[in-house]
Structures are given as C-alpha cells and as structure tokens.
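Q: This is the structure, below, for whatever I ask next.
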Amino acid sequence: MDLQLKDKVILVTGGSKGIGNSICNLLAKEGAIPVIIGRNKKNVVDAVKVIEDFGGKAFYAFAELTDPDQCKEAVKQTIDKFGRIDGLVNNAGVNDGVGLENGNHEDFVESINRNLTHYYLMAHYVLPELKKSKGVIVNIGSKTSITGQGGTSGYAAANGGRNALTREWAVELLPYSIRVNAVIIAECYTPLYDKWIKTFQDPEEKLKEITSKIPLGKRMTAGEEIANTVIFLLSPKSSHTTGQLIFVDGGYTHLDRAL
C-alpha cells in the first residue's frame, strides 16, 4: 500500500533509540524524511547514518527537550532546511519512578517536564507549519502502573496529560484540518525497558511473568508493530481519524489477562 508519505517531513522526538527509532526507520522506508530530535549527539548521528546507509533520507537537530529554547531552535533548523513540516511524533520520555510516598515536589515537576511539557512545546512551535501543510500530530503514550520499585506518580500524570492533550488538540485544530491521535503502548522491549528488567534479581523470570499476562501471543509488542500504527496515522490513508487513543499492546490493557 502506498501511504503517500514520500518527501513528507516528520519530526520525531527521541527518534534515535527504541520505539522512536523504529518509527524513523519505517518513515524513511516509506519515502518520508524523519527529523530525529534528541540530546545524545552520537546516538542521533548514528541513527541518521543507518537510514542513509539503506538509501533513505533523514535529518536531525540536537535538543534537550526540557529546554523551550532548544525545542524552538530544533523546529527552526528543520524549517530552514526543508521549508516545511508535515508531521510531529511526540515520543521522548522516561519512566523515572517518581512516586507519591517517596517522592517530592521538585522531582514530580521534573518528571512532568521530562515526559509532558515538551509535547506541548514541540506542538506549539510546529503549529504554524502544520497549518500550512494540514499536517498530523501523533503522541506516544503508555499505560501506567506500579513498577515494583515504588510509584510512578510523575509518569502517570504525564501520560494522563498526553491523552488529554491529544483529545483537546484534536478539537482545537479541527478548523485547520490537523489531525491529532495517540498510540498507547504497554509492554514493548525498548532499551529503557531492558534497563528496568535488569534491576530485578531474576530478570528472565520477571520477563516471563510479564509476557504471560499479555493476552495476544503471550509476548512483548515489537517496536515495528507500534511504528506501523504510527505511520498509518501519519498518512493520508487515515484521513478521517482524529482524537483517538489507539492501544497497540496485544490486548494487555483491555482484555482479561487470565485469557
């Protein structure tokens, strides 16, 4: 299927690793131009090189996403390079384990800034270009639960905020024909997930316990499976889909885990 994404310029935050990287690679294979936004210069440059090595096109801008000025500059660099922006994938974030009982105000606010504030910042700065292109925003969200290492108040609040902003922006941007959707993930084996699993005394047993509760296939969701849904939502093939929270999680969130 031709997803009609050739030469479309799509910003992807946190696009050098994990799910974001899967999204960027698939975008490039569909003929789009992913713009990887991240702070780790080596990881970002390496990710672009991989895309170029298989014949795709990509661009990058370095930014610490908690810094509004750097977010704004990343958008400006993209506009200076291509003269347009067709889409935004807000993806970057980290489950930092900031809880209620053992947390504090400063860490909670920092968690919100790490996981939610830059979703707003990036959308705000790309909006003038999306109005011109009738572009698309896809927010990556996550289920929230206890990690076994304490609560996740900051991360939970951020993900609730991502869902709320998705619905709010979909309504606000209707007059400009800008579609806004979210893809919600549960158990996907990313580098951050690998780091978390390894904090347990028996990582393999913990992973087996988790996958046993995923109804469809008793396995983790692959990054490519999430990317496939994101790419579809970015494409004109989903032209009448907006304001949706789409769960790509093997039924983990909504099906009976006893299945």
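Q: Can you confirm whether Asp256 is more than 19 Å from the chain's Cα centre (by Cα), part of a loop (DSSP other than H, G, I, E, B) and of a type in the set (Asp, Glu)?
A: Against the criterion (more than 19 Å from the chain's Cα centre (by Cα), part of a loop (DSSP other than H, G, I, E, B) and of a type in the set (Asp, Glu)), Asp256 qualifies.
Q: Exactly one of these conditions fails for Thr199: (1) part of a loop (DSSP other than H, G, I, E, B); (2) buried (at least 20 other Cβ atoms within 10 Å of the Cβ). Give me its number.
A: Among (1) part of a loop (DSSP other than H, G, I, E, B); (2) buried (at least 20 other Cβ atoms within 10 Å of the Cβ), the lone unmet condition for Thr199 is (2).
Q: Okay, next question. Report whether or not Glu209 is over 18 Å from Thr253 (Cα atoms) and surrounded by fewer than 13 Cβ atoms within 10 Å (Cβ to Cβ).
A: Judged against the criteria, Glu209 is not a match.
Q: Tell me which residues, restricted to segment 1-18, are in a loop (DSSP other than H, G, I, E, B) and either of a type in the set (Phe, Trp, Tyr) or touching a Pro at 6+ places or on another chain (Cβ under 9 Å) (or both).
A: Passing the criteria: Leu3, Gln4, Leu5, Gly15, Lys17.
Q: Another question about this same structure. Scan segment 39-75 residue by residue and report those that are outside any loop (DSSP other than H, G, I, E, B) and of a type in the set (Asp, Glu).
A: Asp46, Glu52, Asp53, Asp69, Glu73
Q: What is the residue count in segment 1-45 for residues that are among the charged types (D, E, K, R) and crowded, with 23+ Cβ neighbours inside 10 Å?
A: Within segment 1-45, residues that are among the charged types (D, E, K, R) and crowded, with 23+ Cβ neighbours inside 10 Å number 1.
Q: Report yes if Thr229 is assigned to a loop (DSSP other than H, G, I, E, B), polar (S, T, N, Q) and out of contact with any Asp or Glu (no Cβ under 6 Å at 6 or more places or on another chain), otherwise no.
A: Taking the combined requirement at face value, the residue does not satisfy it.
Where a number appears in this text, it was derived from the coordinates with a stated rule and is not lab data. Computed from a predicted model, the values in this text were never measured in an experiment. Neighbour counts run over all protein chains shown; Cβ positions are idealised from the backbone, glycine included.
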